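Here's the structure we're looking at; comments come further down.
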Amino acid sequence: MNKLLAVGTVAFDAIETPFGKTDKILGGSGTFVGLAASQFGVKTGIVSVVGGDFPSSHIEMMNSKGIDTKGIEIIKEGKTF
């Protein structure tokens, strides 16, 4: 089985279209690479840093997709960008 370690951002995205805007949508290169690879059955891990404001539900979702999130450090006093 192939393995992949994604080292990159796990962040919040803000999206604006002519129809509306939203923010704090899960984004970042580490997130997108990890989720895409997991869809192809690649054993995936992510290394990144997030702030204490990062929802645990996002970590749980990545875990449910088979992504190893042990490499995501949470800085409780910090803010996710």
- List every residue pair whose Cβ atoms lie under 7 Å apart, where the two residues are 6 or more positions apart in sequence or sit on different chains, the first residue falls within the stretch 51-70 and is hydroxyl-bearing (S, T, Y), and the second residue, located anywhere, is modelled with pLDDT of 95 or more and loosely packed, with under 15 Cβ neighbours inside 10 Å. T69/N63
- Item | So T80, is it in contact with a Leu (Cβ under 7 Å, 6 or more places away or on another chain), touching a residue at least 40 places away in the same chain (Cβ under 8 Å) and crowded, with 18+ Cβ neighbours inside 10 Å | no
- Item | Flag for T69 being of a type in the set (V, I, T) and in contact with a Ser or Thr (Cβ under 7 Å, 6 or more places away or on another chain) | no
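The values are calculated or read from the model by the stated rules, or taken from the named source; none is laboratory data. Because the structure is a prediction, the values reported are computed rather than measured. Virtual Cβ from ideal backbone geometry, glycine too; neighbours counted across all protein chains shown.
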